[in-house]
Amino acid sequence: MGHGRVLNMIVARCALGVLMLVALTPLRFAEAASPTPTGQRAAAQYLDASSGSDWPGYGRTFGQQHYSPLSQINETNVSRLGLVWSMDLGPENSVTEPIAVGGVLYFATGLSVVQAVDASSGKLLWRYDPKSAERAGLNLRLGWGVRGIAWWNGKIYVGTADGRLIAIDAGNGKPVWSVATFEKNFPARINGAPHVYGGKVIIGYAGTTGKTRGYVTTYDAETGRQLWRFYTTPGNPADGFENKAMAMAAKTWSGQWWKFGGGADVWNAMAYDPETDTVYIGTGSGYPWNRRARSADAGDNLFVASIVALDGKSGAYRWHYQVTPGDTWDYDATMDMELADLVIDGKPRKVLMQAPKNGFFYVLDRITGQLISAEPYAKVTWAHRVDLKSGRPVETREARYPNGTTVEIWPCAIGAHSWMPMAYSPKALLAYIPAIECGGPWSDKNVDLKTWRPPADRAVKGAVDGDLDAVDENAATSPAPPADVSGSLIAWDPTAHKAMWKLPRPTHVNGGVLATGGDMIFQGTIDGSFAAYSARAGKLLWSFDARTPLLATPISFTVAGKQYVTLLTGLGMGMAAEAGMLGKRLERYAIDPRSQARRVLTFGLDGKIMLPPSPAPAPVPEDSDFTADATRWNTGRMVYDRHCLDCHGDSVIGSIHAPDLRRSAIPLSGDAFARIVRDGALLAHGMPNFPELNEAELLDLRQYIRTQAEKLRQSAPRGNKQL
């Protein structure tokens, strides 16, 4: 073992001892951040070195390591791990990372419906439905379902598709307070987890192709009173800037960027350092993706694709590091960030680690924001390297697809790592990344950058030339789906800057990662396998057939001294970018959103529960009066790709949370189809309505869906038209 890794282990163990002392003693930072004894007790549960008996928030702790120190389940006995109980969830989006506090398991499904169950038995204790479908209106089109919730001082916090942040009494499931985090009809939704610290709760939002200016807002956790807000892009200079940070950022923009909003939404990643009272946020891509349209092809465009450090009390800017200056490839920095103490060049450093979409693994000094290292963990062609002196990437000559050329860029827009969190083990001193390998072509050849406007500002018409939409909502286009998509689980050494082991995954769509003190790594995959691996060697130790796709992140906790591992099964809107655009690559798994099993699964040593067989996919209905029409199919495809693809899947291949329309009888009836799609008959169930679609567009859309269903029907083996 190298001297660096020995020193890292010593530092990790010393840090463990210090943090255990912090957990038991109200030191100065705990007093400053949590002024009440109850607040101090709540904060102690979020420390990285807490006992691990509870999993109170997304990532378990402030440091977001997705690590449980529990070791009752370990390499020597994991073969005895079995299912203790399961709970059917019904046809609801189910990608949430659950939380566990005091023997109670909490999770959200569907449209932010929160449930509490006895963690050792699965008995339902309460259920709270915020009725967000009825309030979201057009925002339902942007997607729904949350990746996580949070606990603080007896309350559960959840965000909704209509932009509310709600505090719920953890004991009885009744709402305590609710605030609107953005204005009605603002083109956004909350799909990330709230984060809590020092009696406060902080939340961002997920925008979409539209005019959004990113921000995070912090509220008093007890009352819901707004405390501060930090914008991530500057507004119109004529209105003045909110603070010096915005004035500084404005100097990195050109043209009239504020007319597009700028983007940089904080839709996922946050972390907190209680010792320095610092909040870290990760920001998304700019809007539109193409900097030529967004910022006159100039400037770094702060704080797009950046990690930003803020004062926890006031929200004041402290420092930033931009992973992708002037981003023009949708390379978000919203992937999870893990805080840790490492030995770098023989010296202890307090670091922040992130594996964002752009393919480099970053280690930053979390006190100063200084770049320590950045090495590729996946194939990267947009940049040769990251210069450690300047902190900037050295871009390749063709990276920004100049002069209307079409250039294949790695990673593709899906990224080398999506929102499914990695984990960091302070015991093994490794980070575990659910990585993606994909490349795809970029071009703005068919986009008139002088007249380009957001889709909301113009009639969405235009022609289709082969597979290339002439009108693109991000001012950049990909003429074909990303090529050569695959996935892997990578164990990354953040001090040696290299992969220690790498396991191929069945597809690019795979679940979040849990690391444990038992020296194991848990991950689910889309083929339904839930597996445990040795943390240091990547050896398969145990697996369980969940009989349904897995995407959510598992957690671990104890009840009455017994360790459990829990995860939710099934797919949801959280994978729209990963699966919605690539349905053909998932078709071999025969994923039927209508019939797939969505459950809560809880495992413990010597569990004996067996799951029922997987349900068969719904049959493809007969369509006796179907007639092929290539013209209507083509125009119907345009309508579908614009309005339906993100929920119902690429090429109508159902692979997310919405029904596979090829297996639905609704498109066979013009009246039934219009009542649902145009008039909103299923609005309460999360199906948005599209009143702007005229009769011809509805007919074209039906033709496209029915044609795709006919293709599936004809592909069935002879004598088995049920498929």
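None of the figures in this text is laboratory data; all of them are computed from the coordinates on show. Because the structure is predicted, anything quoted here is derived from the model rather than measured. Quick reminder, even Gly has a Cβ in these numbers, built from the backbone with ideal geometry, and neighbours come from all protein chains shown.
Here is how the numbers come out for the structure above:
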| item | result |
| --- | --- |
| Relative exposure of Ile414, Ile281, Ile490, Ile367, judged by other C-beta atoms within 10 Å (fewest first) | Ile367, Ile414, Ile490, Ile281 |
| Point-charge dipole on Cβ atoms (K/R +1, D/E -1) for region 630-714, about Cα centre, debye to 20 | 320 debye |
| Sequence-separation-based contact order of region 125-185, relative, with Cα cut under 8 Å and 6+ spacing, percent | 29 percent |
| Axial C-alpha extent at least 27 Å, average Kyte-Doolittle at least -0.5 - helices from the chain (DSSP) | 3-24 |
| Relative contact order of region 630-714, pairs being alpha-carbon contacts under 8 Å that are 6 or more residues apart, as % | 37 percent |
| Note, ³J(HN,Hα) from phi for region 80-92, Karplus 6.51, -1.76, 1.60, rounded to Hz, x at Gly and Pro | 8, 5, x, 6, 8, 7, 9, 9, 6, 10, x, x, 10 |
| Taking the convex hull of Cα positions in region 630-714, its mean projected area over all directions (nm²) | 5.1 nm² |
| Cβ-based exposure ranking for Lys244, Lys711, Lys155, in which fewest neighbours within 10 Å come first | Lys244, Lys711, Lys155 |
| Filtered trypsin sites (Lys or Arg not before Pro), region 370-442: DSSP coil and at most 15 other beta carbons within 10 Å | Lys379, Lys389, Arg397 |
| Estimated dipole of the chain in Debye, rounded to 20 [Cβ of Lys and Arg +1, of Asp and Glu -1, Cα centre] | 740 debye |
| Amide H contacts of Ala119 (H built 1.01 Å from N, under 5 Å, at least 5 apart or other chain) | Val104, Leu105 |
| Built amide H within the under 5 Å cut-off of Val559, gap 5+ | Tyr564 |
| Equivalent ellipsoid, the chain (semi-axes from 5 times Cα gyration tensor eigenvalues, Å) | 37, 31, 25 |
| Sequence-separation-based contact order of the chain, relative, with Cα cut under 8 Å and 6+ spacing, percent | 13 percent |
| Placed amide H near Leu81: partners under 5 Å, 5+ positions off or other chain | Asp606 |
